[in-house]
Amino acid sequence: MTMAGMSARNRWARLGLGLRAGLAVLLCVGAAVLAVDLSDWRYVRFDLTAAESNTLDPAVADVLDKLPEPVVVDVFLRSLDYPYDAVFQQAKARLLGWLALLQQARRAQFEVRLHDPKDFETIKERQRALGTEGSNKLVVSCGERRDELELFGELCTIDWGNPSDERLLRYLLQQGIAGVVERGWKPGLPFRAAELRAFHGEELLTEALLKVSSGRAPKIYFGKGHGEPALDGGAPGDFSRLKGALERDGFELAEWDPLRAPGVPADCDVLALIGAHQPYQERTRAAIRSYAEAGGRVLAAPDLSELNEGRAGGIVDLLKESPFGIVTRPGIVCQPFVDYTGQRVDGSEDCAWLLIDERGLQPTHPLTEPLRQRGRRVKFTFSASFESAGLQADSALALPLISSPSDAWRDLAPYDFRHDPAKGEKRERHTLVTAKELRALKAEDGSVKRGRLVAVASAFFFDNESIDVNRDFVLNACNWLAEREFLLRVSPQKKSESFLDFQRSRARPILTYSLLLGLPGVCAAIGLAIFLRRRS
């Protein structure tokens, strides 16, 4: 064979090898694409991890499969500065890993939108559409229904360690992280880094999915036409902030005027009777009783003026009647407060402002146990109380949910906010909130439903001045009444809700003596030291 023939043969051989290599590359690419497509097909997905960490819980998968329309999760994250960037990255990885598992398992029903914090205008536009603001949170939306979850304090439990200096402490406060202040900052101890203690994304995201996927929002009817505070009013004693909190929690609100429509509406899930200033007609009370006896749910709170005036036919009388059997006691529950000397004193209106901590919350009950676990308080102002003994009627027991401290007393009219045993004022625990499950009755269709009642001894508990502190309990109470127990939880505490109880703690005298004696003493000591140094 000539040299030219051999050269041509070698060229064809090289060309054949190149074609075979190219074809092999194409086949590999096709195999990779096919593998990706197969991995996206949920029925051939395999989890090879020992802990099955890539397997979606069947209950969560069932919720996703039953969604009426796709769910969109908008994630707004912004990294924390050093030395808290490490714990942020851990929390972020846990959150995004769980969201990726949900999205990969049900891409048709679940979409995750991770927003870049650098794209400021896009974030603001999207948050404006969702009706939210801030960072390090996610918003779960399904159609018009939405729920928000905070990264810190809700999705993730963080031990923020010890900041060790004021700069780090101020930074945590600027980020809305108040756990360090609540637990007590210890500037004398060395710095201790933050640590991720627990991730609650699985259960909280499941609750959010259940909430936004609910086919019909529970409907709360508020009593109207008897001098109740306005639902849309912005005055301190109105309920506009309560209305906003309930609507954000997935409730539909309406008003019921029994003077125009005598019967309780058929689509009423919860009937709220709060702060009526005029008595009800007998037919109205009969309609409410019939509604409760048929398995209805009632949230009731009398106004203080009803007791002061001895007005008959109002919420107080209604609660006394069957099937409720709740007796409201006259007087204002008061508690001594600590003055600047550290002494416990009375005789001031401050005694009628009560902050009830976990010691006054009923353990194990689903309405109060979440608040106990998170160290939350509830606030009462000028509150009456319920009969602590004999809270029983029609074989249904009323359980005291929230009680005052044991050193409280009922200040009887005329109110002087002083403990006066001569008037029969005893220091004891007083029931401020009670809950009751009524007798179970069988309906015509054979179904059995138990009525429920939550009675709060003060209508001020729900007004615009108190709802920020009492919001979690109020939302839990409404969800319990509406049989949405899966939504009973406590939201992360906002920075504005962090406060020191100067009235009933040792903080007030310590701060007073520090300002009156400590600060001047330090200045005098510095002046003396400078004087002696100059003389020497």
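Which members of the range 1-32 meet the condition of being modelled with pLDDT under 70 and under 60 Å from the mean Cα position of the chain (by Cα)?
Hit for the range 1-32 is ALA32, nothing else.
Looking only at the range 239-255, count every residue that is farther than 21 Å from GLU483 by Cβ, open to solvent by less than 30 Å² (accessible area, probe 1.4 Å) and touching a residue at least 24 places away in the same chain (Cβ under 8 Å) and tell me the total. Show your work before the answer.
As a first pass, look at the range 239-255 and keep what is farther than 21 Å from GLU483 by Cβ: 239-241, 243-244, 255.
Still in the list and also open to solvent by less than 30 Å² (accessible area, probe 1.4 Å): 239, 244.
Next cut, touching a residue at least 24 places away in the same chain (Cβ under 8 Å) only: 239.
Going through the range 239-255 one residue at a time, the tally reaches 1.
Within the range 321-340, which residues are charged (D, E, K, R) and not in a loop (DSSP other than H, G, I, E, B)?
Taking the range 321-340 first, the residues charged (D, E, K, R) are 321, 329, 339.
Result: ARG329, single match.
Identify, please: which residue in the range 287-320 is of a type in the set (A, V, I, L, M, F, W, C) and in a loop (DSSP other than H, G, I, E, B) and is, among those, surrounded by the most Cβ atoms within 10 Å (Cβ to Cβ)?
Of the residues in the range 287-320, the ones of a type in the set (A, V, I, L, M, F, W, C) are 287-288, 292, 294, 298-301, 304, 307, 312, 315-316, 318-319.
Now restrict to residues that are in a loop (DSSP other than H, G, I, E, B): 294, 312.
Numbers: ALA294: 13, ALA312: 9.
This residue is ALA294.
Would you be able to tell me the number of residues in the range 326-354 that are more than 17 Å from ALA384 (Cβ to Cβ) and crowded, with 17+ Cβ neighbours inside 10 Å? So that I can check it myself, show each step before the final result.
Initially, the range 326-354 is screened for residues more than 17 Å from ALA384 (Cβ to Cβ), giving 336-348, 350.
Those left that are additionally crowded, with 17+ Cβ neighbours inside 10 Å: 336-338, 346, 350.
The number of residues fulfilling the criteria is 5.
Those residues that are of a type in the set (A, V, I, L, M) and either closer than 24 Å to GLU247 by Cα or touching a Gly at 6+ places or on another chain (Cβ under 9 Å) (or both), I need them from the range 113-136; list them, please. Walk me through how you get there before you give the answer.
Taking the range 113-136 and keeping what is of a type in the set (A, V, I, L, M), we get 114, 123, 129-130.
Residues satisfying the conditions are ILE123, ALA129, LEU130.
Only one residue in ALA524, ALA529 is at pLDDT 80 or above and either open to solvent by 80 Å² or more (accessible area, probe 1.4 Å) or assigned to a helix (DSSP H, G or I) (or both). Which one? First the steps, then the outcome.
Values: ALA524 fails: at pLDDT 80 or above.
That would be ALA529, the only listed residue that is at pLDDT 80 or above and either open to solvent by 80 Å² or more (accessible area, probe 1.4 Å) or assigned to a helix (DSSP H, G or I) (or both).
Give the range 358-389 a look and list any residue that's open to solvent by 60 Å² or more (accessible area, probe 1.4 Å), in contact (Cβ under 8 Å) with a residue 24 or more places away in the chain and farther than 25 Å from PRO302 by Cβ, or say none.
Hits for the range 358-389 are ARG359, GLN373, ARG374.
Filter the range 81-98 down to residues that are free of Cβ contacts under 8 Å to residues at least 60 places away in the same chain and either not hydroxyl-bearing (Ser, Thr, Tyr) or not assigned by TED's automatic domain parsing to the domain that holds LEU155 (or both), then give me how many there are.
Filtering the range 81-98 for residues free of Cβ contacts under 8 Å to residues at least 60 places away in the same chain gives 82, 85, 88-89, 92-93, 96-97.
Okay, now just the ones that are also either not hydroxyl-bearing (Ser, Thr, Tyr) or not assigned by TED's automatic domain parsing to the domain that holds LEU155 (or both), so 85, 88-89, 92-93, 96-97.
Residues that pass the stated criteria total 7.
Considering only residues that are under 33 Å from the mean Cα position of the chain (by Cα) and buried (at least 20 other Cβ atoms within 10 Å of the Cβ), look in the range 270-286 and name the one that is farthest from SER458 (Cα to Cα).
For the range 270-286, the residue satisfying everything is VAL270.
Out of (1) of a type in the set (A, V, I, L, M); (2) open to solvent by 60 Å² or more (accessible area, probe 1.4 Å); (3) at pLDDT 95 or above, what's the single condition that is false for ALA422?
(3)
Restricting attention to the range 453-488, and to residues there that are open to solvent by 10 Å² or more (accessible area, probe 1.4 Å) and among the aromatic types (Phe, Trp, Tyr), which single residue is nearest to GLU293 (Cα to Cα)?
Per the stated criteria, the residue is TRP480.
Is it the case that the range 321-330 has a residue that's under 19 Å from PRO400 (Cα atoms) and among the polar types (S, T, N, Q)?
Step one: filter the range 321-330 for residues under 19 Å from PRO400 (Cα atoms), giving 321-330.
Adding the requirement that they be among the polar types (S, T, N, Q) leaves 322, 328.
Checked the range 321-330: at least one residue is under 19 Å from PRO400 (Cα atoms) and among the polar types (S, T, N, Q).
Of the residues ALA235, ALA245, only one is part of a helix (DSSP H, G or I) and either over 25 Å from ALA312 (Cβ atoms) or not hydroxyl-bearing (Ser, Thr, Tyr) (or both); which? Explain how you work it out, then say what you get.
Values: ALA235 fails: part of a helix (DSSP H, G or I).
Exactly one of ALA235, ALA245 is part of a helix (DSSP H, G or I) and either over 25 Å from ALA312 (Cβ atoms) or not hydroxyl-bearing (Ser, Thr, Tyr) (or both), namely ALA245.
Would you list the strands (runs of 3 or more DSSP E) that sit entirely within the range 66-168 and hold 3 or more residues that are over 17 Å from SER213 (Cα atoms)? Working first, answer last.
Working: elements: 71-76, 110-115, 137-142, 145-150, 156-159.
Fully inside the range 66-168 and qualifying: 110-115, 156-159.
The values are calculated or read from the model by the stated rules, or taken from the named source; none is laboratory data. What you see is a predicted model, and the numbers here were worked out from it, not measured in a lab. Please note: Cβ atoms are built from the backbone with ideal geometry, for glycine as well, and neighbour counts cover all protein chains shown. Side chains included, ligands, DNA and RNA excluded: accessible areas come from the protein's heavy atoms. Shrake-Rupley method; radii C 1.70, N 1.55, O 1.52, S 1.80 Å.
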